[in-house]
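Have a look at the structure below, then the notes.
The values are calculated or read from the model by the stated rules, or taken from the named source; none is laboratory data. Just so it is clear, the structure is predicted and the values come from calculations on it, not from any experiment. A quick note on method: Cβ atoms are made from the backbone with ideal geometry, for glycine too, and the neighbour counts reach across all protein chains shown.
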Amino acid sequence: MTSAFQGSLLDLTDETAPRPLDGMRRTRLAHGAWIDVLPGWMPGADALFERLLTTVPWRAESRRMYDRVVDVPRLLAFYKEGETLPDPVLDEARAALNAHYAAELGEPFVTAGLCLYRDGRDSVSWHGDRHGRGATQDTMVAILSVGEPRPLLLRPRSGGPTLRRELGHGDLIVMGGSCQRTWEHAIPKSTRPAGPRISIQFRPHNVR
């Protein structure tokens, strides 16, 4: 069951292409990490959410935790390098990110992972994208959020204050530098009513 989605009154537009990335604002973090944030990057984000909700082949997963198997508290989809993305707007988004970060990243974003948070009970625990090269090398992960806003929390692995960014309705965050190795991020559960949200994570080759 997915909670009812309530669109944003600020997203009443016929535009469909992502806006320029010139307004991106970078925050330098400790240990060589940084984040870029651009609110409202994707016009028509609410319509994109509705399309992805109904067209993506969402799947439920379970994982072993110690001595038992538990359900992953969100629905998932993953598009490998070379696979067709579920909406042409996502191709445009990835192309825009590749053009903007080409010199700094030195390689393109090639995969797309999607997560559907159905309500406040869905979440992702503290982690870094350290499967593959993210465990040993600086890299980037770009996350486009559509649907209802949810807080993304970030904290240094070595301890320190937690940062909070509310993301939804077409907001973009890019985590770069050493962020996946030296910081962790999470989407916490919420005891307050929370509508559904989809995050689209663009990653380079062998970063997961």
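Of the residues making up segment 94-139, those that are part of a strand (DSSP E or B), closer than 19 Å to Phe49 by Cβ and polar (S, T, N, Q) number 0. Against the test of being under 20 Å from Trp41 (Cα atoms), basic (Lys, Arg) and in contact (Cβ under 8 Å) with a residue 40 or more places away in the chain, the options Arg130, Arg150, Arg121 yield a single qualifying residue, Arg150.
Checked against (1) under 13 Å from Gln201 (Cβ atoms); (2) at pLDDT 95 or above, His131 passes all but condition (2).
When the criteria are applied in full, Asp138 meets the requirement of being touching a residue at least 60 places away in the same chain (Cβ under 8 Å), touching a Gly at 6+ places or on another chain (Cβ under 8 Å) and under 23 Å from Trp34 (Cβ atoms). The set of residues in segment 66-77 that are assigned to a loop (DSSP other than H, G, I, E, B) and not aromatic (Phe, Trp, Tyr) comprises Asp67, Val72, Pro73, Arg74. Go through segment 159-203 and report how many residues are closer than 20 Å to Gly32 by Cβ, crowded, with 22+ Cβ neighbours inside 10 Å and in contact with a helix residue (DSSP H, G or I) (Cβ under 7 Å, 6 or more places away or on another chain). Counting residues in segment 159-203 that are closer than 20 Å to Gly32 by Cβ, crowded, with 22+ Cβ neighbours inside 10 Å and in contact with a helix residue (DSSP H, G or I) (Cβ under 7 Å, 6 or more places away or on another chain) gives 1. Of the strands (runs of 3 or more DSSP E) contained entirely in segment 140-197, those carrying at least 1 residues that are at pLDDT 95 or above and of a type in the set (S, T, N, Q) fall at 141-147.
Of all residue pairs spaced 6 or more apart or on separate chains, those with beta-carbon atoms under 7 Å, a first member in segment 179-208 that is within 20 Å of Arg155 (Cα to Cα) and aromatic (Phe, Trp, Tyr) and a second member that is at pLDDT 95 or above and in a strand (DSSP E or B) are Trp183/Ala33; Trp183/Leu154; Trp183/Arg155; Trp183/Pro156. Among the residues making up segment 134-176, those that are β-branched (Val, Ile, Thr) and closer than 17 Å to Val207 by Cα are Thr136, Thr139, Val141, Ile143, Ile173, Val174. For segment 78-92, a tally of residues being part of a helix (DSSP H, G or I) and in contact with a helix residue (DSSP H, G or I) (Cβ under 9 Å, 6 or more places away or on another chain) returns 2.
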